[in-house]
Amino acid sequence: MKKLEQEFIEQFGEEGERALYFAPGRVNLIGEHTDYNGGHVFPCALSVGTYAVARKREDQKVRFYSMNFPSHGIIESSLDSLVYNDEDDWANYPKGVIALFQQDYSIPHGIDIAYYGNIPNGAGLSSSASIELATSVVLRDLFQVPIEMVEMVKLSQKAENEFVGVNCGIMDQFAIGMGKKDHAVLLNCDTLTYKHTPIRLEDHSLVIANTNKRRGLADSKYNERRLQCEQALKALQEELDVNSLGDVTEEQFQAYKHLILDTKTRKRARHAVYENRRTMKAVDFLNEGDVEAFGKLMNESHVSLRDDYEVTGNELDAMVEASWKEGVVGSRMTGAGFGGCTISIVEKEKVEAFIKNVGESYKHQTDLEGDFYVVEIGDGAHKVVEGI
């Protein structure tokens, strides 16, 4: 934080009152590829994220700087000309948020903002949504904008969809905005109904492992899976009065799965139905303090993603299987798949050995180096320090 403040002064000058803000990254504990199927997700905010130092200006200029991308220098725009620009790269995310705030609220003056993120680069822990929510809390605070966090979450998602042009769901922004220390959020992505569930890990730690495998197939396969799920739903609706696969119970699926004639499409639907039910069961187990039962559901989730949804790939499977051999409570891929990260629950006293042994096994299997992060569950986006 001190380093970021010093960098802000170096880039933008010392005059004027500054404040410090933070927005976390996020990881999804269970509930994968359920969001667009009308189901539930179960993400949490992390202790790593994006810090922002900001101050108001007297003119209309908006200036951005990131310690993570120093070669870009200061990226400058104006409140009356906020448009997407390829050359502005990462700064398009905060620009989009400011542009949408401008549409709905009065932002009378420009701002200077310096960012620093300690989210591991390319780990799929949602650095873009973290920047968006950090910018949102800056604007709300500096200009006393009368907006609730849920609205800031929606606005940030809209900025990514419409300004940047990335068709993301709302889970990332929601977890980052509505996160709560030592809790995960059970979220229905259709209705945005949610509840916080305590995560009492006690003698266990959350360990994220980055496969460092580029996710080249994710976009095309995502669209293919989405279409298959839509086809499966249409087939089930011939007999069932349901609006989404998230409405279908396991019993209903078993009774009516014959309506889905294509075997691959049936497997995709089975994952969506069972993963949604697993996610709701997981919350019940955690409320009972049963971490072991939760871990078993994580393992089942990965098997389903591997065998029914087919979105894991060699690298994620190698990382998860190496984790299982180390006797973890639970381990699964997290995110879109075809690369990215796994999430594991590991006994605290075994974390060091886990990282060493899983890392070696993964390297032997894939010839890739994995990166490991022991993370804590933190609060959502907020102001940290005033008047620094």
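The values are calculated or read from the model by the stated rules, or taken from the named source; none is laboratory data. Because the structure is a prediction, the values reported are computed rather than measured. Here Cβ is always computed from backbone atoms with ideal geometry, including for glycine, and neighbour counts include all displayed protein chains. With ligands, DNA and RNA removed, areas are computed over all heavy atoms of the protein, side chains included. Shrake-Rupley method; radii C 1.70, N 1.55, O 1.52, S 1.80 Å.
Based on the inverse mean of 1/r over its pairs of different Cα atoms, what is the Kirkwood hydrodynamic radius of the chain, in Å?
Details: mean 1/r = 0.0460 Å⁻¹.
Taking every pair of different Cα atoms in the chain, averaging 1/r and inverting gives 21.8 Å.
What percent do you get for the relative contact order of segment 310-388 when only Cα pairs under 8 Å and 6+ apart count?
Numbers: 81 pairs, mean separation 20.4, N = 79.
The normalised contact order for segment 310-388 reaches 26 percent.
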Quiz item: If you build a Gaussian network model of the chain, linking Cα atoms that sit under 10 Å apart, which residue out of E321, E250, E275 swings the most?
Solution: E250
Quiz item: Do any of K56/K158; K95/K213; K154/K296; K56/K154; K180/K383; K158/K264 go past 22 Å between their Cα atoms, and which?
Solution: K56/K158; K95/K213; K154/K296; K56/K154; K158/K264
Quiz item: Along segment 164-176, what does the Karplus equation 6.51 cos²θ - 1.76 cosθ + 1.60 (θ = phi - 60°) give for ³J(HN,Hα), rounded to whole Hz, x for Gly and Pro?
Solution: 7, x, 9, 7, 7, x, 9, 4, 4, 4, 5, 4, 6
Exercise. Would you work out the charge dipole size for the chain about its Cα centre, treating the Cβ of every Lys and Arg as +1 and the Cβ of every Asp and Glu as -1, and quote it to the nearest 20 debye?
Key: 420
Quiz item: For segment 123-182, which GluC sites (Glu not before Pro) are in a loop by DSSP, counting at most 15 other Cβ atoms within 10 Å?
Solution: E148
Quiz item: Between segment 4-35 and segment 268-294, what is the C-alpha centre distance in whole Å?
Solution: 32
Quiz item: Any idea which of V137, G117, F163 is furthest toward the positive side of the dipole for segment 85-163, if Lys and Arg beta-carbons carry +1 and Asp and Glu beta-carbons -1?
Solution: V137
Exercise. Subtract the Cα-Cα distance of K325 and Q254 from 0.36 nm times their separation in residues, and report this length gain in nm to one decimal.
Key: 22.4 nm
Quiz item: If you build a Gaussian network model of the chain, linking Cα atoms that sit under 10 Å apart, which residue out of S78, S106, S331 swings the most?
Solution: S106
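To the nearest 500 deg cm²/dmol, what mean residue ellipticity at 222 nm is calculated for the chain from DSSP H runs of n ≥ 4 alone, each contributing -39,500 (n - 2.57), summed and divided by the residues?
Details: 11 runs with 154 residues, N = 388.
Mean residue ellipticity at 222 nm (helix-derived): -13000 deg cm²/dmol.
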Self-check item: Residue among E310, E76, E239 with the largest mean-square fluctuation in a Gaussian network model of the chain, springs linking Cα atoms under 10 Å
Solution: E239
Quiz item: Where does segment 54-166 land on the Kirkwood hydrodynamic radius, alpha-carbon pairs, in angstrom?
Solution: 14.1
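What ranking of W90, W324 comes out by heavy-atom accessible area, probe 1.4 Å, highest first? Show your work: numbers first, answer last.
Details: W90 15, W324 80 Å².
Sorted by accessible area, descending: W324, W90.
Percent relative contact order of the chain, based on C-alpha pairs within less than 8 angstrom and at least six residues apart?
Values: 796 pairs, mean separation 96.4, N = 388.
Relative CO of the chain lands at 25 percent.
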Quiz item: Per residue, how much accessible area does the chain have with a 1.4 Å probe, in Å²?
Solution: 44
Quiz item: Within a Cβ distance under 10 Å of S128, other residues only, what is the Lys/Arg minus Asp/Glu net charge?
Solution: -3
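Taking the Cβ of N92 as the centre, find all other residues whose Cβ is under 10 Å away and add up their charges (Lys, Arg: +1; Asp, Glu: -1). Could the numbers behind the result be given before it?
Details: positive: K95; negative: D86, E87, D88, D89, E160.
Every neighbour counted, the sum reads -4.
Do you know the relative contact order of segment 28-161, to the nearest whole percent, from alpha carbon pairs under 8 angstrom that are 6+ apart?
On the way: 184 pairs, mean separation 39.6, N = 134.
Answer for segment 28-161 is 30 percent.
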